[in-house]
Each structure stands twice: as structure tokens, then as C-alpha cells.
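My questions all concern the structure below.
Any read-out appearing in this document is the output of simple, stated calculations on the displayed coordinates, not a laboratory observation. Being a predicted model, the structure only gives us computed values, none of them experimental. For neighbour counting, all protein chains shown are included, and Cβ atoms are generated from backbone atoms with ideal geometry for every residue, glycine included.
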Amino acid sequence: MSDETTYQNHAAITVSHLYKSFGDNTVLKDFSLSLTKGENLVVLGKSGSGKSVLIKCIIGLMRPESGSISVLGDEITTMGQSELDEMRVKVGFLFQSNALYDSMTVRENLEFPLRRHWSKTSREEVDRLVMEVLEHVGLADTVDMMPEELSGGMRKRIALARTLILKPKIILYDEPTTGLDPITGKGISQLMLNVQSKYETSSIIISHDMNCVKMTANRIVMLIEGRCYATGTYAELKASTDKKIKEFFD
């Protein structure tokens, strides 16, 4: 299995010696990882192991007690709100719940981040960007539909399209296939690979779905007992004889 430090020279994200507690419960204990540019990195761990806490620390929604988080070369643990907002434009986040606005059409959902962050974008450019990302996720014909008219898999694709519209350099996926049937989940996993190839994104993927993990992961970090317990490819970790690793792959 690979040494985590070998990835840091070409990292999109570097997390070093992170500690995060809630009262007496220390969730992250000296946790470190590096996300290489252009890589899909899966963080694998049990429910309640700290995966979502890690993601929230990376985008500045939570502050760790100690440790360092570098995103595209900038230290985010000391950033103020305006600096964090600027950083988040470069980091797309695909929520587990999709977080689409039910009262808005697909077009309006996709326009929302453009209006918020690129206020001077012309109407023609907005229309072009909306259709570009919709075509990429295969749902150009849904542009005037409401979220309630879409299936679960379609809503996930629209949420990904909204993430892509600002052309982020990094995407954080929070349980991207949860609640989807196996065939739809496989389609979303393939779409994530297409996004990696077309947009040259670097991604951290939080997932319990081992089919998704196997399809999308260039590398896996095992988050066990608050630490980076092991790292390697799917095949390397699956071949491990360590009981704490084996239980994820059996």
C-alpha cells in the first residue's frame, strides 16, 4: 500500500495532522491525506467515523482544533468568510440530498450559482453554460422541468450539473449513489468518471457503495479510529489480510 506523503508534491488538497472533537468525542485524530491533481480519491469508513466532518472541515463549514488544510495551495483554516466564499467557487460540492430548490425549474437551479458568483455574466453566456452542463449529464430536455418531475437519478444528475456550471477544479461527492437502485448508481458512477476525464477535476468521494468505490476510485483512504489507517488502490486494499480493512471488502 502507498505512502501518503508521496502524493503531497502534486496535491490539490493536503490535510495534515487534523484534530476535530465534539465534547469528549474526538472524531479526527491526527488525520492526514493528500488529493493529487486529477485524482478520484475515495474516503472509506464506517458510519459516524468522521467522513462528513472531514468534508465540512475542508470547505470551512467546521473549524478543526488543530492541523492544516491546504486547498489549491491556500491554507483555509485561517481564512475569513470572504476568503472562504472565494475558495468555494473553485470547489464543487455534491450534497447527498442533492439540495435542489423545489420552487425553481432546472434552468433556475443551474442559473442560481452563476447569478451569485458571476453577476456580470451575460444572458447569452448563462444560457450557453446551462445547456452545456445539461447536455453533459444527458438531460438537456429537462431544462424547464421542476425537480418534483424528475426521478432520483435525474435529480442527482441535475445537482452534478449545477456543481459543474462554475467549472470547479475540485469536486467533493457526499454519498453520490445513496438511495439509488444499482443500475442508476452505476450510471452516476460512470458520469463521475466522465466528469473527471472531461473537466480534469480532482475529487474526494465519500461512499458506502462498494460498487461506486470500485468504479470511481483511483485510490482509497481508510478512515478508521479517526486516522488515515491505510491507503491504496481497490485491488491492493481488497487483498489485505488486515481484519479492519477486510470487513469493508468481504
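As a check on your grasp of the helix formula, calculate [θ] at 222 nm for the chain: sum -39500 (n - 2.57) over DSSP H runs of n ≥ 4, divide by the residue count, round to the nearest 500.
Counting only the DSSP helices, I get -11000 deg cm²/dmol.
Taking the Cα centroid of the range 152-195 and of the range 72-137, what is the distance between the two, rounded to the nearest whole Å?
What the calculation gives is 15 Å, centre to centre.
Just list whichever of LYS37/LYS167; LYS46/LYS243; LYS29/LYS156; LYS46/LYS156 have alpha carbons separated by over 21 Å in the model shown.
LYS29/LYS156; LYS46/LYS156
Hey, for a label at ASP85 modelled as a point 7 Å past Cα toward Cβ, could you say which residues of the range 153-171 have their backbone N under 18 Å away?
Label zone hits: 166.
Which of the trypsin sites (Lys or Arg not before Pro) found in the range 82-181 are in a DSSP loop and have at most 11 neighbouring Cβ atoms, other than their own, within 10 Å?
Taking the range 82-181 and a limit of 11 other Cβ atoms within 10 Å, the loop trypsin sites (Lys or Arg not before Pro) found are LYS120.
Let me ask something else about it. Rounded to the nearest 20 Debye, what is the dipole magnitude of the range 5-102 about its Cα centre when Lys and Arg each give +1 and Asp and Glu each give -1 at the C-beta?
Magnitude of the dipole: close to 300 debye.
In bins 10 Å wide, starting from 0, what share of all Cα pairs of the range 6-103 does each bin hold, as a percent?
So the P(r) values, bin by bin, are 14, 46, 34, 6, 0.
Considering all projection directions equally, how large on average is the shadow of the alpha-carbon convex hull of the chain, in square nanometres?
13.8 nm²
Would you work out the charge dipole size for the range 151-214 about its Cα centre, treating the Cβ of every Lys and Arg as +1 and the Cβ of every Asp and Glu as -1, and quote it to the nearest 20 debye?
It works out to roughly 260 debye.
Let me ask something additional. Using a Förster distance of 25 angstrom, determine the FRET efficiency expected from the C-beta separation of GLU108 and ASP141, and round it to 0.05.
0.95
A further question follows. Placing unit charges on C-beta atoms (Lys and Arg positive, Asp and Glu negative, everything else neutral), compute the dipole magnitude of the chain about its Cα centre in debye, rounded to 20.
In total the dipole reaches around 300 debye.
Here's a follow-up. Could you point to the residue in ILE188, VAL106, ILE171 farthest towards the positive end of the range 51-189's charge dipole, with +1 and -1 charges on the Cβ of Lys/Arg and Asp/Glu respectively?
Result: ILE171.
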